[in-house]
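The values are calculated or read from the model by the stated rules, or taken from the named source; none is laboratory data. Bear in mind that the values here come from a model prediction, so they are computed numbers and not experimental data. A quick note on method: Cβ atoms are made from the backbone with ideal geometry, for glycine too, and the neighbour counts reach across all protein chains shown. Quick note on the areas: whole protein, heavy atoms, side chains included, nothing else; ligands and nucleic acids left out. Shrake-Rupley method; radii C 1.70, N 1.55, O 1.52, S 1.80 Å.
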Amino acid sequence: MDVHETITGALRRAVGTRGRRVLLVVTAGVGVLAAAALLAGLPPAERTAATFAETVHAFVSVPLPFVGALLANDLRRAPGRRVLPTLAAATLIAVAVGLAGDAICGAALAASGSTAPDPWAHAGGLAVAGVLVQVLAQLVGTGLGLLVARPGWACVATIVLPLGAYALFTPLGAVRDRLTPYGALRAVLGAEPNGPAWARWVTAALLWGVVLNVVGAVALWRRAGRVDR
(Lines give C-alpha, C1' and ligand atoms only; values in the text may rest on other atoms or scores of the structure.)
Protein backbone atom coordinates (compact mmCIF):
# COMPACT_ATOMS: atom_id res chain seq x y z
CA MET A 1 0.00 0.00 0.00
CA ASP A 2 1.35 3.44 -0.95
CA VAL A 3 2.26 5.45 2.16
CA HIS A 4 1.17 8.58 0.25
CA GLU A 5 -2.18 7.07 -0.65
CA THR A 6 -5.01 9.42 -1.65
CA ILE A 7 -8.70 9.25 -0.86
CA THR A 8 -9.24 7.64 -4.26
CA GLY A 9 -6.72 4.97 -3.41
CA ALA A 10 -8.46 4.24 -0.14
CA LEU A 11 -11.79 3.97 -1.96
CA ARG A 12 -10.21 1.45 -4.32
CA ARG A 13 -9.15 -0.62 -1.32
CA ALA A 14 -12.77 -0.67 -0.16
CA VAL A 15 -13.69 -2.62 -3.29
CA GLY A 16 -10.30 -4.18 -3.87
CA THR A 17 -11.28 -7.75 -3.02
CA ARG A 18 -14.31 -9.87 -3.69
CA GLY A 19 -15.01 -10.13 0.03
CA ARG A 20 -15.12 -6.37 0.43
CA ARG A 21 -17.38 -5.94 -2.56
CA VAL A 22 -19.70 -8.57 -1.14
CA LEU A 23 -19.67 -6.76 2.20
CA LEU A 24 -20.88 -3.54 0.56
CA VAL A 25 -23.62 -5.41 -1.28
CA VAL A 26 -24.68 -7.13 1.94
CA THR A 27 -24.79 -3.76 3.71
CA ALA A 28 -27.26 -2.41 1.16
CA GLY A 29 -29.14 -5.70 1.08
CA VAL A 30 -29.71 -5.61 4.82
CA GLY A 31 -31.51 -2.29 4.36
CA VAL A 32 -33.72 -3.71 1.64
CA LEU A 33 -34.60 -6.74 3.78
CA ALA A 34 -35.40 -4.53 6.77
CA ALA A 35 -37.75 -2.40 4.67
CA ALA A 36 -39.39 -5.52 3.21
CA ALA A 37 -39.92 -6.93 6.70
CA LEU A 38 -41.65 -3.72 7.78
CA LEU A 39 -43.88 -3.77 4.71
CA ALA A 40 -44.86 -7.33 5.53
CA GLY A 41 -45.32 -6.90 9.26
CA LEU A 42 -46.54 -3.37 9.93
CA PRO A 43 -50.20 -2.39 9.61
CA PRO A 44 -50.73 0.47 7.13
CA ALA A 45 -51.51 2.95 9.91
CA GLU A 46 -48.00 2.52 11.37
CA ARG A 47 -46.05 2.91 8.14
CA THR A 48 -44.30 6.27 8.47
CA ALA A 49 -41.02 7.85 7.45
CA ALA A 50 -39.81 7.66 11.05
CA THR A 51 -40.64 3.97 11.39
CA PHE A 52 -38.84 3.02 8.20
CA ALA A 53 -35.87 5.31 8.89
CA GLU A 54 -35.14 4.03 12.38
CA THR A 55 -35.37 0.36 11.45
CA VAL A 56 -33.60 0.47 8.08
CA HIS A 57 -30.72 2.64 9.28
CA ALA A 58 -30.33 0.61 12.48
CA PHE A 59 -29.88 -2.59 10.50
CA VAL A 60 -27.60 -1.01 7.90
CA SER A 61 -25.39 0.41 10.65
CA VAL A 62 -24.50 -3.12 11.81
CA PRO A 63 -22.40 -4.33 8.82
CA LEU A 64 -21.25 -0.91 7.60
CA PRO A 65 -18.58 -0.40 10.32
CA PHE A 66 -16.91 -3.61 9.12
CA VAL A 67 -15.93 -1.64 6.00
CA GLY A 68 -14.27 1.06 8.07
CA ALA A 69 -12.61 -1.45 10.38
CA LEU A 70 -11.04 -3.31 7.45
CA LEU A 71 -9.87 -0.12 5.74
CA ALA A 72 -8.30 1.25 8.92
CA ASN A 73 -6.75 -2.07 9.84
CA ASP A 74 -4.93 -2.07 6.49
CA LEU A 75 -2.90 0.87 7.78
CA ARG A 76 -1.30 -1.27 10.47
CA ARG A 77 0.62 -3.13 7.75
CA ALA A 78 2.17 -0.08 6.05
CA PRO A 79 4.99 1.89 7.75
CA GLY A 80 4.55 5.63 7.45
CA ARG A 81 0.89 5.26 6.71
CA ARG A 82 -1.40 8.31 6.45
CA VAL A 83 -4.66 8.04 8.35
CA LEU A 84 -6.69 10.94 6.98
CA PRO A 85 -7.23 9.63 3.41
CA THR A 86 -8.63 6.40 4.83
CA LEU A 87 -10.91 8.25 7.25
CA ALA A 88 -12.12 10.52 4.46
CA ALA A 89 -12.79 7.57 2.14
CA ALA A 90 -14.63 5.69 4.89
CA THR A 91 -16.76 8.77 5.55
CA LEU A 92 -17.64 9.15 1.87
CA ILE A 93 -18.70 5.50 1.78
CA ALA A 94 -20.85 6.07 4.85
CA VAL A 95 -22.52 9.08 3.22
CA ALA A 96 -23.27 7.02 0.12
CA VAL A 97 -24.68 4.18 2.22
CA GLY A 98 -26.74 6.64 4.25
CA LEU A 99 -28.23 8.11 1.10
CA ALA A 100 -28.94 4.61 -0.20
CA GLY A 101 -30.71 3.87 3.07
CA ASP A 102 -32.78 7.04 2.67
CA ALA A 103 -33.72 5.96 -0.86
CA ILE A 104 -34.76 2.53 0.40
CA CYS A 105 -36.92 4.13 3.09
CA GLY A 106 -38.53 6.53 0.63
CA ALA A 107 -39.28 3.84 -1.92
CA ALA A 108 -40.70 1.51 0.72
CA LEU A 109 -42.92 4.20 2.20
CA ALA A 110 -44.14 5.31 -1.24
CA ALA A 111 -45.14 1.73 -2.02
CA SER A 112 -46.54 0.97 1.42
CA GLY A 113 -50.09 2.23 1.03
CA SER A 114 -49.74 3.98 4.38
CA THR A 115 -52.90 5.20 6.09
CA ALA A 116 -51.02 7.12 8.81
CA PRO A 117 -52.22 10.74 9.26
CA ASP A 118 -48.93 12.26 8.04
CA PRO A 119 -46.62 9.44 6.92
CA TRP A 120 -43.97 11.77 5.46
CA ALA A 121 -43.64 13.94 8.59
CA HIS A 122 -40.06 15.09 9.22
CA ALA A 123 -38.84 13.18 6.15
CA GLY A 124 -36.14 15.76 5.37
CA GLY A 125 -34.71 15.76 8.88
CA LEU A 126 -34.83 11.99 9.00
CA ALA A 127 -32.93 11.77 5.72
CA VAL A 128 -30.13 13.96 7.09
CA ALA A 129 -30.14 12.00 10.34
CA GLY A 130 -29.86 8.73 8.45
CA VAL A 131 -26.66 9.88 6.76
CA LEU A 132 -25.17 11.13 10.02
CA VAL A 133 -26.02 7.87 11.76
CA GLN A 134 -24.08 5.92 9.14
CA VAL A 135 -21.12 8.30 9.34
CA LEU A 136 -20.92 7.76 13.10
CA ALA A 137 -21.25 3.99 12.69
CA GLN A 138 -18.45 4.00 10.12
CA LEU A 139 -16.16 6.07 12.33
CA VAL A 140 -16.66 3.56 15.12
CA GLY A 141 -15.38 0.99 12.66
CA THR A 142 -12.31 2.99 11.63
CA GLY A 143 -11.43 3.78 15.23
CA LEU A 144 -11.56 0.15 16.28
CA GLY A 145 -9.78 -0.90 13.09
CA LEU A 146 -6.89 1.35 14.11
CA LEU A 147 -6.83 0.03 17.67
CA VAL A 148 -7.46 -3.70 17.29
CA ALA A 149 -4.72 -5.72 15.61
CA ARG A 150 -6.88 -8.48 14.15
CA PRO A 151 -9.47 -7.29 11.62
CA GLY A 152 -11.96 -9.99 12.56
CA TRP A 153 -11.89 -8.94 16.19
CA ALA A 154 -12.14 -5.29 15.17
CA CYS A 155 -15.33 -6.08 13.24
CA VAL A 156 -16.81 -7.96 16.20
CA ALA A 157 -15.90 -5.07 18.49
CA THR A 158 -17.95 -2.65 16.36
CA ILE A 159 -21.03 -4.56 17.49
CA VAL A 160 -20.11 -5.65 21.01
CA LEU A 161 -18.68 -2.40 22.37
CA PRO A 162 -21.42 0.06 21.25
CA LEU A 163 -24.26 -2.27 22.23
CA GLY A 164 -22.50 -3.18 25.46
CA ALA A 165 -22.18 0.48 26.31
CA TYR A 166 -25.86 1.01 25.48
CA ALA A 167 -26.85 -1.80 27.84
CA LEU A 168 -24.49 -0.54 30.55
CA PHE A 169 -25.86 3.01 30.44
CA THR A 170 -29.53 2.03 30.04
CA PRO A 171 -30.38 2.88 33.68
CA LEU A 172 -29.08 6.41 33.06
CA GLY A 173 -31.65 7.25 30.37
CA ALA A 174 -30.67 10.46 28.58
CA VAL A 175 -27.00 9.96 29.44
CA ARG A 176 -27.12 6.69 27.51
CA ASP A 177 -28.43 8.53 24.44
CA ARG A 178 -25.55 11.01 24.64
CA LEU A 179 -22.79 8.47 25.17
CA THR A 180 -23.64 5.62 22.79
CA PRO A 181 -24.05 5.40 19.01
CA TYR A 182 -27.28 3.42 19.22
CA GLY A 183 -28.73 5.87 21.70
CA ALA A 184 -27.87 8.71 19.33
CA LEU A 185 -29.44 6.79 16.45
CA ARG A 186 -32.71 6.41 18.31
CA ALA A 187 -32.64 10.07 19.33
CA VAL A 188 -32.19 11.57 15.86
CA LEU A 189 -34.38 9.05 14.04
CA GLY A 190 -37.31 9.43 16.41
CA ALA A 191 -40.65 10.73 15.22
CA GLU A 192 -39.79 14.34 15.99
CA PRO A 193 -36.08 15.15 15.64
CA ASN A 194 -35.28 18.31 17.60
CA GLY A 195 -32.46 20.31 19.11
CA PRO A 196 -31.76 18.11 22.12
CA ALA A 197 -31.82 15.01 19.92
CA TRP A 198 -29.19 16.47 17.58
CA ALA A 199 -27.08 17.47 20.59
CA ARG A 200 -27.07 13.82 21.67
CA TRP A 201 -25.74 12.79 18.27
CA VAL A 202 -22.99 15.42 18.46
CA THR A 203 -21.89 14.20 21.89
CA ALA A 204 -21.81 10.57 20.77
CA ALA A 205 -19.97 11.55 17.57
CA LEU A 206 -17.28 13.39 19.52
CA LEU A 207 -16.74 10.42 21.80
CA TRP A 208 -17.04 7.50 19.38
CA GLY A 209 -16.14 9.25 16.14
CA VAL A 210 -13.49 11.83 16.98
CA VAL A 211 -11.88 10.67 20.22
CA LEU A 212 -11.80 6.99 19.26
CA ASN A 213 -10.09 7.74 15.95
CA VAL A 214 -7.63 10.21 17.47
CA VAL A 215 -6.62 7.60 20.04
CA GLY A 216 -6.31 5.02 17.27
CA ALA A 217 -4.21 7.33 15.10
CA VAL A 218 -1.89 8.17 18.00
CA ALA A 219 -1.49 4.47 18.83
CA LEU A 220 -0.67 3.78 15.18
CA TRP A 221 1.88 6.60 15.09
CA ARG A 222 3.57 5.34 18.25
CA ARG A 223 3.65 1.80 16.91
CA ALA A 224 5.25 3.06 13.68
CA GLY A 225 7.86 4.91 15.74
CA ARG A 226 8.78 1.75 17.60
CA VAL A 227 9.07 -0.17 14.31
CA ASP A 228 11.39 2.48 12.84
CA ARG A 229 13.84 2.29 15.73
So how much slack lies between residue 121 and residue 159, counting 0.36 nm per residue of separation and subtracting their Cα-Cα distance, in nm?
10.6 nm
Which of rounded, prolate, oblate describes the stretch 5-98, given a ≥ b ≥ c as roots of the alpha-carbon gyration tensor eigenvalues and a/c under 1.5 marking rounded, otherwise prolate only if a/b is larger than b/c?
prolate
Could you work out the local net charge near residue 176, counting Lys and Arg as +1, Asp and Glu as -1, over the other residues with Cβ closer than 14 Å to its Cβ?
+2
Computed label-point distance, nm, for sites residue 175 and residue 103 using a 7 Å Cα→Cβ extension
4.2
Looking only at 118, 177, 102, which one moves most when the chain is put into a Gaussian network model with springs between Cα atoms under 10 Å?
118
What distance in nm separates the simple spin-label points at residue 150 and residue 215, each placed 7 Å from Cα in the Cβ direction?
2.1
Ranked output for segments 89-96, 69-76, 41-48, 157-164 by mean other Cβ atoms within 10 Å, highest leading, reads 69-76, 89-96, 157-164, 41-48
Accessible carbon and sulfur surface of the chain relative to its total accessible area, %, 1.4 Å
70
Can you work out D for the chain in µm² s⁻¹ from Stokes-Einstein, where Rh is the Kirkwood radius over C-alpha pairs, the temperature is 4 °C and the viscosity is 1.567 mPa s?
72
For a protection proxy built on the mean count of beta-carbon atoms within 10 angstrom, sort 14-20, 150-156, 135-141 highest first, please.
135-141, 150-156, 14-20
Within the chain, which whole H helices from DSSP have a Cα span along their axis of at least 18 Å and a mean Kyte-Doolittle hydropathy of -1.0 or more, if any?
18-41, 84-110, 123-147, 151-169, 212-228
Here the gain from full extension of residue 25 to residue 8, 0.36 nm per residue of separation minus their alpha-carbon distance, amounts to 4.2 nm
